[in-house]
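Written out below as structure tokens is the structure these notes cover.
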Amino acid sequence: MIPSYDSSMILAILPEILLLAFAGLILAIDLIWRPSKQHNLGWISAGGFLVILVVTILFSRPEPAEGLIFGGMLRHDWPAFTFKLIFLFAAGITSLLSADVRSAWGKGEYYALIAVTTLGMNMMAASSDLIMLYLAIETTSIPMYILAGFLKVDEKSTESGLKYFLFGAFTSAIMLYGFTLLFGFTGKTNIYQLAEALQAGELSPWVLGGSAILVLVGFGFKVSAVPFHFWSPDVYEGAPTPITAYISTASKAAGFVVLVRVMLAAFPAITEYWSSILAAMAVASMTLGNLIALAQKNIKRLLAYSSIAHAGYALIGLVALSSFGAASLIFYLVAYVVTNLAAFAVVILFARAAGSEEISDYAGLSRRSPGLALALLVAFLSLAGMPPLAGFVGKFYVFAAAVQSDLIWLAFIGVINAIIGLYYYLTVLKVVYLYRSEDEEVPIPVSRPASLALVVCVLAIVLIGSLSGPWLDWAVDAAQSLF
Amino acid sequence: MDFPFLSVITFIPIVTGLLLLLLPAERKNAIRWVALSAASLALLFSVWVYFSYDTSLGGYQFEEQYTWIEQIGVSYHVGVDGMSLPLVLLTGIVMFTGVLISWGVDDRPREFFAFLFILATGVFGVFVALDLFMLFFFYEIAVFPMYLLIAIWGWKVTREYAAMKLTLYLFIGSVVALVGALAIYFTADMQSFDLLELEQAGLSTAFQRFWFPFVFFGFAVLGGIFPVHNWSPDGHVAAPTAVSMFHAGVLMKLGAFAALRVGIMLLPEGAQFWSPLILILATVNVVYGAFIASVQTDFKYVIGFSSVSHMGLVMLGFATLNRQGLTGAGIQMFSHGVMTALFFAVVGMVYDRAHTREIPKLGGFRKFMPLVAISFIIGGLVSMGMPGFSGFIAEFPIFLGLWQKAPIVAIIAVLGIVITAGYIMRVIRGVFFGEVPKEFEGHITPINTFDKVALYLLSGILILVGVYPAVIAPMIETGAISILRLVGGA
């Protein structure tokens, strides 16, 4: 019997409570402060996320014995805890990066929405009940739609918000249909009880497989895996860049934690079936994402396609269907999140100084700002999977997991894709380091919040890459409670 | 605890590289001096280690081991044996002379030396690695900076193309080898990436035969084996002088060495099975490479293809899987590294002054730079395998070994040496002798002291090894013997 309430459960959802309070607090500060001070909201918001991060580490750490809480609505475990930290970290960095975006100045609601969407992600990471899960996904998505369309005067941003909303609403409706089918067949909504009911074997695998596919549509949208990726390039391009950074990192990671948890927990009866679907999705995502990225001229679109490809690499970890595979997925996501945040930080700073997101305009960046060029070098090499950076170790573990599970063909497709990826990352670096431009003498100003964000991310990339032991331990611990 | 020599050698370059990035970019001379001191330090340490190695004991010495990633059994494990130690020394030499030769780099020297030094750390790391994961880790570090070094500082005409081609070739090779390495790790099922432990894994014959080509040829791409040698001449030519020296002198050895360490030593039965194929391909390397070199009119392309030809001899030595062949291959790696570094240094000095590398347009350079001419001739004699120079010490045992294994291959491969003599003489005559074209009269500046030091050092080593082979042969022989213990054909 799952206890419905216990006072210790409050500690488990402490981060979420704090996030909600924090969202309200920001709105209040926004009302009270004079407009001249309001550009400090970025600092405040980042500070708030940092405090919540620390509090989470100190008080919300799951006990080994703890499991389902609040009547089975949530699960307080290592994967949830780990991902909460990832989301809070990404939210903090996003706030720092937003401090420079003029349209977010003096807009308390911008930061409040980030806090709310982070709250939704935290719930996604912990949900163990279909109803809770659906609520969490919507709590994440709706603020995200608004944020994507936040630049009201910018047509692209509005388009981005609308597109994101339409795709999101459509796929979540399909996912919800899948949820109702599962409930209809079993009478359960808790994903752990679902598994028991489904494993009884009374249900035809076809029906079960069908509902699994419907559910996968919603998750596939969240992680932007092919064939549910169509929204991402346009949304990434149009949204305010810090929000793009956030969508491409935290939101994707949130999609992954749900995907991993639900698939492993609810559908063990048809593992072979969904894992082959996911393997196909992984191959398609890597290949299509990388190939289309080759042709991109806009850096945000390039990163959009690259993020589709990265979803594919991460999926390999799940397809491996092993504890090490799940650990490699978690590790990969951590590496990817810090790396992509660093890449977007450079994009934001450059766009603010040069007013352009075209790759060709990055010419001469290494002369205009050697530091920024170096940060981009580190981020892109990490995305390409070069040591001693985080991306290398991430890819290494994912491919290792594939080889361990005798999926050597999948590892080969992965490494071939890594080569295609290297090509377009190098193409950008070539423009940055090799080509010259007329504005070479014009330096690029780097504001304090942005440089802090950049330094943190670059250090994290190098640290995770060169000393990956403790991080892997952590990922392995987290992965074990998924099985 | 003993002084961690190998770690110090490995990390001096990268630490210096990062420090350089912190210096202000305008202080170019300070940057050069910092780079030179770091390179000298690394060279001194490698010389010290080289002469402290006890050849009577053999095996791995100067070992250090620390846990790195405990979960999957990765440790930071370094050590050198008779095969790898000369290569560490070689890297030290090439790094030192490379910095000397690059004194004239004026476009962002800070970044140039930083990237060059990151590369050097990768190279040292691979040569001293005794852990499979670590070997990969450093291998990739060594491959990547090459791209920037060639693309930014290279020859304007082909640098973008050549840099991309090189990087993609090498990356493809290394990731294919990576999958093979992972297969070895999981099949051995020892929860360890340690090379010494994996050597004892007792992998099945079928497994070894299946995976050997992936691992061996994956790495051998960087060793320039036919038919995936194509990146190398283009890369050599497009690279700036110091990078060409590094590239042909050290990086190609990196590929050959990793193919030996991972391919042959971990999968010895696979090596036995596939050695005929390696023999054939490497013979093509030797003969075909020499042929192509002999029809080039561009000075640097001649040397570029000669590297392909000479690396073929290294691969031939490996494929013999006997004592003479392996010893010869080891000496050849060292000798070719020094020789080709010397060649590229000379090409760079000529090109910087003549602004052309077309052999028909050059001539009479011995008048302007006699020392350069003499050095090139010494390198040429090494290249032809003339007794008294290091090339002979290397090639003679290779052919001895080859004769035992497959006499017909030995006969064909010797052709390569003959052709080599032909094109080397042609270059010497075309560039250093004959009439001085009118446009060069009075425009050729002499080389500076840094260049001279580099040339003296490189040609001195070639002669030293040639007249006193005991300085290197016994050491490499201990390495060859320990490889043969694994292959089982001693």
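Just one of B:E435, B:E439 is acidic (D, E), outside any helix (DSSP H, G or I) and over 15 Å from B:T327 (Cα atoms); which is it?
The conditions single out B:E435.
Out of all the residues in the stretch A:399-412, is one or more at pLDDT 90 or above, within 23 Å of A:I299 (Cα to Cα) and not aromatic (F, W, Y)?
no
Test B:F112 against the criterion of being outside any strand (DSSP E or B), touching a residue at least 12 places away in the same chain (Cβ under 8 Å) and within 13 Å of chain A (Cβ to nearest Cβ), and give yes or no.
yes
Enumerate the helices (runs of 4 or more DSSP H) found wholly within the stretch A:63-166, keeping only those where 2 or more residues are touching a strand residue (DSSP E or B) at 6+ places or on another chain (Cβ under 6 Å) and of a type outside the set (F, W, Y).
Fully inside the stretch A:63-166 and qualifying: A:130-148.
Being within 16 Å of B:A258 (Cβ to Cβ) and among the charged types (D, E, K, R), is that true of even one residue in the stretch B:105-121?
No, because not a single residue in the stretch B:105-121 is within 16 Å of B:A258 (Cβ to Cβ) and among the charged types (D, E, K, R).
Could you say which residue among B:Y169, B:Y139 is under 20 Å from the mean Cα position of the chain (by Cα), within 9 Å of another protein chain (Cβ to nearest Cβ) and either at pLDDT 90 or above or surrounded by fewer than 24 Cβ atoms within 10 Å (Cβ to Cβ) (or both)?
B:Y139
Under the condition of being in a loop (DSSP other than H, G, I, E, B), more than 10 Å from chain B (Cβ to nearest Cβ) and polar (S, T, N, Q), which residue from the stretch A:405-459 is nearest to the chain's Cα centre (by Cα)?
Across the stretch A:405-459, the extreme among qualifying residues is A:S447.
Within the stretch B:1-56, can you find the residues that are within 14 Å of chain A (Cβ to nearest Cβ) and surrounded by fewer than 13 Cβ atoms within 10 Å (Cβ to Cβ)?
Matches in the stretch B:1-56: B:L18, B:L22, B:P24, B:E26.
List the residue pairs whose Cβ atoms are under 8 Å apart, where the first residue sits in the stretch A:189-200 and is without any contact (Cβ under 8 Å) to a residue 60 or more places away in the chain, the second is assigned to a helix (DSSP H, G or I) and of a type outside the set (K, R), and the two are 6 or more positions apart or on different chains.
A:A197/A:F185; A:A197/A:T186
Of all residues in the stretch A:239-289, which are more than 26 Å from A:L198 (Cα to Cα) and either surrounded by fewer than 21 Cβ atoms within 10 Å (Cβ to Cβ) or of a type in the set (S, T, Y) (or both)?
Matches in the stretch A:239-289: A:T241, A:T244, A:Y246, A:S248, A:T249, A:S251, A:V283, A:A284, A:S285, A:T287, A:L288.
Residue check: is A:D30 over 17 Å from A:T82 (Cβ atoms), at pLDDT below 85 and buried (at least 16 other Cβ atoms within 10 Å of the Cβ)?
Taking the combined requirement at face value, the residue satisfies it.
Tally the residues that are away from chain A (no Cβ under 14 Å), touching a Gly at 6+ places or on another chain (Cβ under 9 Å) and either more than 22 Å from B:A181 (Cα to Cα) or in a helix (DSSP H, G or I) (or both), restricting the search to the stretch B:71-96.
Count: 9.
On the given criteria, is B:K300 surrounded by fewer than 24 Cβ atoms within 10 Å (Cβ to Cβ) and part of a helix (DSSP H, G or I)?
yes
For residues that are of a type in the set (A, V, I, L, M, F, W, C) and surrounded by fewer than 21 Cβ atoms within 10 Å (Cβ to Cβ), tally how many sit in the stretch B:73-82.
Residues flagged as of a type in the set (A, V, I, L, M, F, W, C) and surrounded by fewer than 21 Cβ atoms within 10 Å (Cβ to Cβ) within the stretch B:73-82 amount to 0.
Return the only residue of B:G466, B:G422, B:G479, B:G488 being surrounded by fewer than 16 Cβ atoms within 10 Å (Cβ to Cβ), farther than 26 Å from B:P360 by Cα and in contact with a helix residue (DSSP H, G or I) (Cβ under 8 Å, 6 or more places away or on another chain).
Every option except B:G488 fails the conditions.
Could you tell me which residue of the stretch A:41-83 is modelled with the lowest pLDDT, considering only residues that are farther than 18 Å from A:V456 by Cα and among the small types (G, A, S)?
Only one residue tops the list, namely A:A65.
Give the residue that is surrounded by the most Cβ atoms within 10 Å (Cβ to Cβ), with candidates limited to residues of the stretch B:57-70 that are without any contact (Cβ under 8 Å) to a residue 40 or more places away in the chain and within 14 Å of another protein chain (Cβ to nearest Cβ).
Filtering first and then ranking leaves B:E70.
Residues in the stretch A:333-340: is at least one more than 20 Å from A:A90 (Cα to Cα), in contact (Cβ under 8 Å) with a residue 12 or more places away in the chain and surrounded by 24 or more Cβ atoms within 10 Å (Cβ to Cβ)?
no
Would you mention how many residues in the stretch A:342-401 are part of a helix (DSSP H, G or I), more than 12 Å from chain B (Cβ to nearest Cβ) and surrounded by fewer than 21 Cβ atoms within 10 Å (Cβ to Cβ)?
Number of matching residues: 7.
Yes or no: the stretch A:246-260 includes at least one residue that is in a helix (DSSP H, G or I), more than 17 Å from the chain's Cα centre (by Cα) and touching a residue at least 60 places away in the same chain (Cβ under 8 Å).
no
Has the stretch B:102-109 got any residue that is within 10 Å of another protein chain (Cβ to nearest Cβ), crowded, with 22+ Cβ neighbours inside 10 Å and of a type in the set (D, E, K, R)?
No, the stretch B:102-109 contains no residue that is within 10 Å of another protein chain (Cβ to nearest Cβ), crowded, with 22+ Cβ neighbours inside 10 Å and of a type in the set (D, E, K, R).
Would you mind finding the one in B:R353, B:R366 that is touching a residue at least 24 places away in the same chain (Cβ under 8 Å), of a type in the set (K, R) and part of a helix (DSSP H, G or I)?
After ruling out the rest, the residue left standing is B:R353.
Please list, ordered by residue number, the helices (runs of 4 or more DSSP H) wholly in the stretch B:137-231 having 3 or more residues that are in contact with a helix residue (DSSP H, G or I) (Cβ under 7 Å, 6 or more places away or on another chain) and of a type in the set (G, A, S).
Those helices (runs of 4 or more DSSP H) span B:159-188.
Those residues that are under 12 Å from the mean Cα position of the chain (by Cα) and not hydrophobic (A, V, I, L, M, F, W, C), I need them from the stretch B:82-132; list them, please.
Within the stretch B:82-132, B:S84, B:P86, B:T91, B:G92 qualify.
The values are calculated or read from the model by the stated rules, or taken from the named source; none is laboratory data. This is a predicted model, so every value here is computed, not measured. All Cβ positions, even for glycine, are placed from backbone atoms using ideal geometry, and neighbour counts span all protein chains on display.
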